[in-house]
Each structure stands twice: as structure tokens, then as C-alpha cells.
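One structure is given below, encoded as C-alpha cells.
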Amino acid sequence: MTITTPRPWLSSYAEGVPAEIELPTGSLFDLLEASVSEYGDNIALEFFGATTTYAELGEQVLRAAEGLRLLGVQKGDTVALVLPNCPQHVVAFYAVLRLGAIVVEHNPLYTPRELRHQFEDHGAKVAIVWNNVVETVQRFPADVAVQSIVSIDITRAMPFGTRALLRLPIAKARESRAALTTAVRGTVPWRTLLDHPTVDGHIFRPTTADVALIQYTSGTTGSPRGATLTHLNLATNAAQARSWVPSVARGTSVVYAVLPMFHAYGLTLCLTFAMSMGSRLVLFPKFDPDLVLKVVRKHPATFLPAVPPIYERLTAAADKAGVSLRGIEIAISGAMPLSASIVEPWEERSGGYLVEGYGLSETSPVLMANPVGPSRRAGTVGLPLPNTEARVVDPENPTVDRAAGDEGELIVRGPQVFSGYWKKAEETAEVFVPAADGDDGGPWFRTGDIVTIDADGFVRIVDRIKELIITGGFNVAPSEVEDALRSHPSVADVAVVGLPSDHSGEEVVAAVVLAPGAELDEQGLRDYLRPSLAAYKVPKRVVAVDELPKSLIGKVIRRQVRDQLLAQ
């Protein structure tokens, strides 16, 4: 990689962090294989107390890969994963990659409409699905390409005692079991895949340049776009993360997967970074402070990636339960701004660092992070990672750089940056800026974020050109929510914006112009949206307005709507 631009941030790097790393030459599967070879007897996965060693994980991956091959999966095929965090998720991810196939991650809490849209786009013939979501996939119309569904009962990965408790005739146990598993028919049970011999070593092995993952991200149009990420993109990002935290030891570290691994952030820092480190990965199907503290008592996390609300809730729960957070060395926060009111109590109780980072699905996802040390800078998203270039440009003409310290759009390039959206050449072209004549470093990716970069290289997010709302770490496209609301007979017009929230970064708020004679039924409108939108996309508030500010061509100006709602 040729670095052609100034990098003032290098002087602000923490001790031991290199300016550049050597790029990986193998695949993500090669990273796992190396950990299996070196740390075979070490615990790789922990789930409600049940453990899996690296040797056992490697064996299961190869058996599952052979099972998938016999279902017809070949190199270059897309395979859908619709799973919460569980050991089977890790096995399935690497089994698909072992065949040179492409993983497509999905949020299992998506509505049928949302899931169907993505399945229609990627065309996977095989899907590996949590039992609770199987019926949703089975109900897809015939024109959706799924031919085989592998169903997973995640309770089978739990210790026998935990499974027995879930079967007790008490309400809480029945509710817990119902939330984790349901019986399904017409599918291939996951356990049967593991009955196969291991896949032949010469079949379909991936290369660095192969596409490894399609990660869906909401565009400004509200239509999710699949960012295609190669083994090089993802393996590089894992290596960049390793270089950023040199104090995290290989083979002995403990990583908590409280972030969903179907999300780009959780995927890289848990599924790839942790496995490449030979870490013990403790899996939580959802964030529950009590469950996390139960593990903290036994072995605190060496490395805990999460979002601000998780740190806030975990601090409060630890105080209430009298559990020490000492031993949690490094916590990396992302997806939304991190306030000092969360950092100070966390660092006081843990004795470790809590620092903020930044990235996008299109960048594998991590682009920047604060130094893990005293030089971290509150209110910023930190410094570009090794091998990463960044510029601040005029949003209207991204070939023109802004003066040092001025606001402008952040554009980036580096080996973790994707090459395009799945089957969307026009949208791909829109987000890249060609390199200038004589610059052989390749095109620049437009992040859509307005930033400043100070003299020491620290980046501060000022605003977003893209009007995505980030709530609880998830992206919400305003137009998707608006389209759903417009179909209600009482709504004549609508604008959806994000307003600041102390607990989730932003909350989704809808400003509606009511149809003549209609009255605002806020709860009724919210209930109307639930069958078609994931819960985090449903507006927290619905506000009636007389009219919406619009441009000369009649387009609603969401920024003005947001300003008006804030003023109220």
C-alpha cells in the first residue's frame, strides 16, 4: 500500500502501536486455523458456562463445512445466517468461509418484510437460521431462492443443567425457553451437519481476495445495500485492532460478545479479532447485566467492545450487586457518542480504559479509535488506524481539500475499505472519489460524515450528510419509516429524524401532518408500524405538525424539521 497523504495522527499513537502493519496474506479461515493449531487445548467459546476448546471448534467447523458442501454450497455461493450470538453462529460463520462461500449476516429480530428484501437481494440458496425465525424464512414466496434451511436450537449449546432449568414448570423458565427455541419442521437440524466427516483439505479453500461477507447497511434511500467485504478487508481490520491494543495477550485474553455478531462492529471484534487472538470468547445471546456480571465474577473481560448504554447499565448493575469490575482492562465504545458521564465511573470502577472509536459497515468496520492510554481525547473518535489515510474535503466538491482544522466531509482509504455494494454499480460509484493524477493509492471512500481533524490528528464528528439515525448502535433510514407511516390513512405527510437521547445515542421521532379530520393517535401509529419494522425503527415519539419545511422542488428538509423539534 502506498501512503501519499500527511498523517499528523501518527505522533499521537499510544506506545507500541505501529504506523503500518504487514497486510495478511491468508484468509479469515487461515486465522482461525492458526489459533486452532497454536491454542488447541485453550477455551475458545463459553456459553452459559459450557465451553468449547479451539481444537473442538476447528473440528466442528470442518464437519459443518462438509455438511454444507453436501447441501450444495460451493465457492462463491451466498449463505444466509440469521442467528443470535451462540457457539453455532461462530461455527457456521467459519464453515461457510472454509468452502470459499460468502456469509450474509442478518438481524434475527427483523420483520418478515425486512428479511425478505435482503434475501431477494443476495439470493442465498442455503440459510442457517435460529429456530425462532425459521417459519419467517419458510413463508417467503417461491421466487425467493432459499432451497435448504438449516435450523439451530441454541439451547443445545448450553450445559445440561441450564437446559433442564428451562424445562421446569415455572413461568420464568417457560418464558425463557420460549424466547430461545421453538420446534420446526421441514428443515435440516444443525446437529446432523456435525455428523459428517471433516471436509477434504483441497476443496474450495478461500483466498485473500475472495469476498467473505455481505454486510447490509441502510442507505439514504432506505433500501439496504450489501457492502461486500473481502477476506483481506476483514483480516486486515482484525490485524489493525490487534496492533491498537498491544497489551492484550494472545492465548490468554477474554473477550465478551455482548454486541450482536450479525452487526459489523460485533462481527469484527468478536468473530474475527477474538478468534485470531486465541481468546476465550464469552457469548451472550442478548445483553443482560446480570448474566454478564455472573461471568465477571469468574473471569473479567480483558477486552470488552460495546456501546455506551451497555457500559452505563453494567456500571449501575455492578454497583447495585456489589460486583467489582476490576480486571476489565480495555473497553472500546462505538456506534454513538460516548459521554464523560459514562467514561469516568467506568474507569474508576474497572481500573482500565474506556475509549471511543468510529467506523462504518463499508470499512470492516473500524476506521479510527482513541489511543488506549492517557492521551485519549474525550469528545473525539480518535485517530485513524495504521495503514489508514483520511482527508477532509468540500462535500459539494470532494476533490477539494478543506484547510487544516476546518469542517468538511471525511473521506478515507485503506485495506479495510470495501470495494463496492453487492450488485449495485451505480451506488458504488456514488460513494467513491477517484485518486488525483499521479496518486497511485486508489480511490477514496466518502463516509458522509462532517468532521474536523485537529493538529494532533484527532477526529471530531460534527454532523452527518447521510441522514441515517443511529439508535442503540443500529442504523435507521428515515425514508423507510416515512414510507411505512404514509400508508396509514390518518397521515398526510411525514418526516422522520433522530433527536439526542441520553440512553441510545439518538431516538427516532416522527413529525406527521395529519389528514383532514384526523386526530393524533400516537400509540395507534406506533402499533401500526410494528408488524413491518424492527422494534428499534419504530418512532419513540410521534409529533403532529401543521406543515413540514420543504425545498423549492418540494423535498422535505429534515434538518429543519430536526431543528424545529429540538427548539420545542
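Just a few scattered comments:
- From 297, 349, 326, residue being open to solvent by 30 Å² or more (accessible area, probe 1.4 Å), touching a helix residue (DSSP H, G or I) at 6+ places or on another chain (Cβ under 7 Å), not polar (S, T, N, Q) and not in a loop (DSSP other than H, G, I, E, B): 349
- Scanning the stretch 111-133 for residues that are touching a strand residue (DSSP E or B) at 6+ places or on another chain (Cβ under 8 Å) and in a loop (DSSP other than H, G, I, E, B) returns 123, 124, 125.
- So residue 517, is it modelled with pLDDT of 95 or more, over 27 Å from residue 308 (Cα atoms) and more than 29 Å from the chain's Cα centre (by Cα): no
- Within the stretch 469-503, the set of residues being within 19 Å of residue 361 (Cα to Cα), in a loop (DSSP other than H, G, I, E, B) and open to solvent by 20 Å² or more (accessible area, probe 1.4 Å) comprises 472 only.
- Of all residues in the stretch 195-242, those satisfying the criterion of being surrounded by 19 or more Cβ atoms within 10 Å (Cβ to Cβ), modelled with pLDDT of 95 or more and among the polar types (S, T, N, Q) are 215, 228, 230, 233, 236, 237, 240.
- In the stretch 136-186, the qualifying residues are those that are over 30 Å from residue 123 (Cα atoms), part of a helix (DSSP H, G or I) and of a type in the set (Lys, Arg), and the one that is modelled with the lowest pLDDT is 177.
Yes/no matrix, rows are residues, columns are (1) under 27 Å from the mean Cα position of the chain (by Cα); (2) closer than 18 Å to residue 269 by Cβ; (3) not β-branched (Val, Ile, Thr):
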site: 4; (1), (2), (3): no, no, no
site: 7; (1), (2), (3): no, no, yes
site: 13; (1), (2), (3): yes, no, yes
site: 16; (1), (2), (3): no, no, yes
site: 21; (1), (2), (3): yes, yes, no
site: 24; (1), (2), (3): yes, yes, yes
site: 27; (1), (2), (3): yes, no, yes
site: 32; (1), (2), (3): yes, yes, yes
site: 37; (1), (2), (3): no, no, yes
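- Scanning the stretch 513-561 for residues that are assigned to a loop (DSSP other than H, G, I, E, B), open to solvent by 40 Å² or more (accessible area, probe 1.4 Å), closer than 26 Å to residue 110 by Cβ and not charged (D, E, K, R) turns up just one, 531.
- Output for the stretch 397-431, where each listed residue is under 29 Å from the mean Cα position of the chain (by Cα), at negative phi and open to solvent by 50 Å² or more (accessible area, probe 1.4 Å): 407, 419, 425, 426, 429, 430
- Residues of the stretch 432-468 classified as in a loop (DSSP other than H, G, I, E, B), open to solvent by less than 10 Å² (accessible area, probe 1.4 Å) and out of contact with any Gly (no Cβ under 7 Å at 6 or more places or on another chain), total: 1
The values are calculated or read from the model by the stated rules, or taken from the named source; none is laboratory data. Only a predicted model underlies this, so the values are computations on that prediction, with no experimental measurement involved. When we count neighbours, we look across all protein chains shown, and the Cβ atoms used for this are built from the backbone with ideal geometry, even at glycine. Ligands, DNA and RNA are stripped out before the accessible areas are found, and what is left, the full protein with its side chains, is counted by its heavy atoms. Shrake-Rupley method; radii C 1.70, N 1.55, O 1.52, S 1.80 Å.
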